[in-house]
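Step one of this worksheet: look at the structure below.
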Amino acid sequence: MAVERLFESFAAHSDPAELLDALSTGVVLLDPALSVLHLNIAAQSLMAVGLNQARGRAFCDLFTDCANLHIALLRARDTGEVVTECDLALRPISTLKDLRIVDVTMTPVDSPGGARRMVLELADAEPRNRLNRNNALRARLESSRMMIRQLAHEIKNPLGGVRGAAQLLARQLPAPELREYTSVIINETDRLTSLVDTMLSPARPPRKAALNVHEVCEHVHRLLIAEASLGVVIERDYDPSVPEGRFDRNQLVQALLNLSRNALQAVGESGRITLRTRALTQTHIGIVRHRLAVRIDIVDNGPGVPEEIRGTLFYPLVTARPRGTGLGLAVAQELINRNGGLVEFQSEPGNTVFSVRLPLIADNAMTSGGAA
C-alpha cells in the first residue's frame with residue numbers, strides 16, 4: 001500500500017495500523033506540523049511512550065533534547081528530500097535516565113493540500129554499535145594479552161616471597177585466631193599464583209566447575225566491605241532466577257574484584273556501589289547468541305568515565321587516575337573473555353555500569369551474524 005494511503009486509512013481507523021504493528025522497525029506518522037498521528041508498537045517501545053500519550057503532540061516534545069532531529073525534520077519537510085540521520089542520541093521525557101541511540105529515516109509525503117506529512121522509520125542503533133565495539137575489542141585483545149603475560153611473569157616471583165613470609169609469621173604467632181590472618185594471606189597468595197600461572201599459559205583452558213554466581217558475588221561483597229570507607233554503601237540486587245553456570249571461580253572472582261575496586265576508587269570516601277545480577281535469554285555475547293546467560297553489573301554513582309579514554313578503556317596502561325596502573329580492566333576483560341564472556345560499560349556522571357555477560361549454557365550457543 002502506498003504511503004499516501006496509509007494516512008487516509010489511519011484517519012478512518014482502518015486496518016493498516018495492524019500491519020505496522022507487526023513490523024520490528026519503529027514507524028511514526030507525522031502531520032505537516034510535525035505532530036504525531038500514529039506510532040506503531042515498535043516505535044512506542046523504542047520511545048518509551050504510548051500512542052494515546054503521543055498522539056497530537058509535537059514529535060520533538062517527546063524528548064528532552066531534540067534539536068538535531070528537529071533540524072533534520074524541517075529539512076526533509078521543506079525540501080521534499082528523504083533524510084537519514086544515524087546514531088542520534090535521544091532521551092525520552094518518560095525515562096530521563098535512559099538514552100536511546102537510533103537511526104532515523106525521514107520520508108516526506110505530499111498531501112492533496114500541498115503540505116507535507118512525514119513518515120519516520122526508527123531503528124535501535126545500539127545493537128549494531130555494541131557489535132562493532134565488541135568486534136574491535138576482540139581484534140585488539142591479542143596485543144593486550146602479550147603485555148599482560150609479560151607483567152604476570154614479573155608478578156609471580158614476589159608472590160612466592162609473600163607466601164613464605166606469611167608461613168614463617170604463622171609459626172611465630174601464639175594465638176590461633178591471629179594465625180587466621182596469615183591463612184588469609186596464604187590463601188589469597190595461592191589464588192593469585194594460580195591466576196598468574198593461567199595468564200602465563202594462554203593455551204591452558206579455564207578450570208571450569210559448576211558455580212553459583214551469587215556465591216562469587218557474596219565473596220566479592222565481603223572483600224569490598226573490608227576495603228570500603230565508612231561513607232561508602234555497598235548494596236546487592238540479585239536475581240534469584242539465575243541458575244548455576246560453569247566458570248573458573250578464581251578468574252571470575254579476580255575479574256569482579258578488579259571492576260569493583262575501580263568503582264570503590266571512583267566513589268572515593270562516600271558513595272554507593274551496587275552488585276546486581278540478571279538472567280538473560282536469547283542474548284548475544286559478541287557475535288554468538290546464547291539461549292541463557294547472566295549479566296553481572298557493578299554500578300557506582302561516581303563522576304563517570306572520562307570521555308577521552310572511553311574508546312580505549314580496556315587497553316593495558318590506559319587510566320585516568322594519576323597513580324593507576326591501567327591494568328585492572330584489561331585483566332578483567334581477559335579473564336571474562338576466557339570464560340566465554342565480555343565486559344561492557346555505560347557511563348555518565350552519577351551512574352556508571354560495568355556489565356559482565358557470561359553464557360550459562362555453552363552447548364546452546366549459536367553463531368549468528370545478528371546484532372549484539
Counting other beta carbons within 10 Å of each residue's own, what order do Val28, Val216 fall into, fewest first?
Val216, Val28
Find the relative contact order for segment 3-124 and round it to a whole percent, using C-alpha pairs within less than 8 Å whose residues are 6+ positions apart.
25 percent
Can you put Glu180, Glu218 in order of Cβ neighbours within 10 angstrom, beginning with the fewest?
Glu180, Glu218
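Taking the radius of gyration and the Kirkwood hydrodynamic radius from Cα positions alone, what is the Rg/Rh ratio for segment 3-124, to two decimal places?
Across segment 3-124, the Cα-based Rg/Rh ratio is 0.93.
Every number here is computed from the coordinates shown, using simple stated rules; none is lab data. Not measured: the values here are computed from a predicted model. Please note: Cβ atoms are built from the backbone with ideal geometry, for glycine as well, and neighbour counts cover all protein chains shown.
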